[in-house]
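Just so you know, all these numbers are worked out from the coordinates, no wet-lab data involved. As the structure is a computational prediction, the values presented were derived from the model and not from experiment. Note that we place each Cβ from the backbone using ideal geometry, even for glycine, and neighbour counts take in every protein chain shown.
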Amino acid sequence: YLDGLRGVAPTQPMDFAALEERARAALPDSVWSYVAGGAGDEHTQRANVRAFERHGLVPRMLVGAERRDMSVDVFGLRLPSPLFMAPVGVVGLCAQDGHGDLATARAAARTGVPMVASTLSVDPMEDVAAEFGGTPGFFQLYTPRDRELAESLVRRAEAAGFKGIVVTLDTWVTGWRPRDLSTANFPQLRGHCLANYTSDARFRELTGSDDPQRVVLSWAGLFGNPLTWDDLPWLRSLTDLPLILKGLCHPDDVRRAKDGGVDGVYCSNHGGRQADGGLPALDALPGVVEAADGLPVLFDSGVRSGADVIKALALGATAVGVGRPYAYGLAVGGEDGLVHVLRSLLAEADLIMAVDGYPTLGDLTPQSLAVVRG
Ligand code: FNR
């Protein structure tokens, strides 16, 4: 696999900057700016990435880390590594054939890296789940205003074999995204990525027609439910599957979620796409981990390399997600390109565990990191 080490120059990009450049060239402008962009002046998005540069791993010697173990037990599942693919609503459009959700699911099957499938999908969740092979998958719920529709989506996810429900809390309204606003570029408003709705009996009942314009208007009206803590018992009652809340960055919110019976918390600022002027997600992670007090903590926002994966794990994340990197892999090389990105992240993370002398995830603690000065 590591062609570079065998003297064969790989055709796929080997670092994030090259990946990003190639993705930009491969994607239509509208998809590129939707995926690459963020909220406001994109300070938070950049800060997410830079936060990793402020943390340095301290190498340990004479450990003999010839064998490494990246496996992790979470939500009753044994995963080969703590890496996962965060939900990306337009990933379907990143593939040449327009079916990127299916390609992502196939990449999950090939790598053992779980996919969190977004509610906003080109293909219905049942078709996505059918491609998972033996790799567990999770369903990400954007909670609609209609409770029956929310319940229907969760029932379908259960029936399709998803292993957990990730409820995203930070996107009941879409953030201020100048790139998209200035080009009137909202894929869902053009009818893209709505398959989970259009394939839903409850949605069809509410819409009352297959007229595309009617579908989009109904979707826009139903999309974001401004949930409050009073809704948490209802969310919890929706499923016996593991329930994970995405977008938690404040320790008090984490404690409240834990008291409300969730199975995991997901520290994320949506890759800086929802609100500018925010704390880098990595800086929120230690407080979230402490408040979670043993509950699994998923993390994403700003992870660009295997080293970043290791740093987030050292700060206490149970599992670490990537968004844009895998969407770019898909754009550049389809399913193979995506697999290449995941394998590169894992290979680099594994090599860092070897070189820096941390053979198991249990060896990685906040003391493995020091603040980078200057
Ligand atoms: C997202 N994200 C997202 N999150 C979610 O819960 N549901 C969704 O449908 C989407 N859609 C989406 C589209 C695009 C184009 C991007 C880039 C991101 C957020 C995603 O799950 C994750 O939090 C971030 O992508 C993580 O940041 P990085 O890895 O992109 O820096």
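Some points to look at:
- Taking region 128-243 and dividing mean pair separation by its residue count, relative contact order in percent (alpha carbons under 8 Å, at least six apart): 35
- Sites Asp210 and Leu77, calculated FRET efficiency, Cβ-Cβ separation with R0 35 Å, nearest 0.05: 0.35
- Listing Met70, Met115 from fewest to most neighbouring C-beta atoms within 10 Å gives Met70, Met115.
- Computed [θ] at 222 nm, helices only, for the chain once each DSSP H run of length n ≥ 4 contributes -39500 (n - 2.57): -12500 deg cm²/dmol
- Approximate spin-label separation Asp15-Leu62, in nm, with each point projected 7 Å along Cα-to-Cβ: 3.4
- Cα-projected label distance for Asn225 with Ser199, points at 7 Å along beta-carbon direction, nm: 2.1
- In this simple spin-label model, placing a label point 7 Å from the Cα along the Cα-to-Cβ direction at both Val8 and Val355 gives a separation of 2.4 nm.
- Space enclosed by the convex hull of the alpha-carbon atoms of the chain, per residue, Å³: 136
- Taking region 192-281 and dividing mean pair separation by its residue count, relative contact order in percent (alpha carbons under 8 Å, at least six apart): 19
- Residue exposure proxy: Ser301, Ser152, Ser218, Ser209, ordered by other Cβ atoms within 10 angstrom of their Cβ from fewest to most, comes out as Ser209, Ser152, Ser218, Ser301.
- Per-residue Cβ neighbour counts within 10 Å put Lys163, Lys246, Lys311 in the sequence Lys163, Lys246, Lys311, beginning with the fewest.
- Candidates Phe299, Val265, Gln96 compared by Cα position along the dipole of the chain: farthest toward the positive end lies Phe299, with charges placed on Cβ.
- Those lysines that a straight Cα-Cα span of less than 22 Å connects to Lys163, excepting residues fewer than 8 apart in one chain: Lys246, Lys258
- Placing +1 on the Cβ of every Lys and Arg and -1 on the Cβ of every Asp and Glu, with no other charges, gives region 156-231 a dipole of roughly 260 debye about its Cα centre.
- Residue separation of Arg236 and Arg54 scaled by 0.36 nm, minus their Cα-Cα distance, works out to 61.8 nm of gained length.
- Once the chain from Arg145 to Ala130 is taken as fully extended at 0.36 nm per residue, the excess over their C-alpha distance is 2.6 nm.
- With a Förster radius of 45 Å applied to the beta-carbon distance between Gln367 and Arg155, the computed FRET efficiency rounds to 0.50.
- Mean separation of Cα contacts under 8 Å, 6 or more apart, over the residue count of the chain: relative contact order %: 27
- Centre separation in Å (Cα based) which lies between region 1-72 and region 271-343: 11
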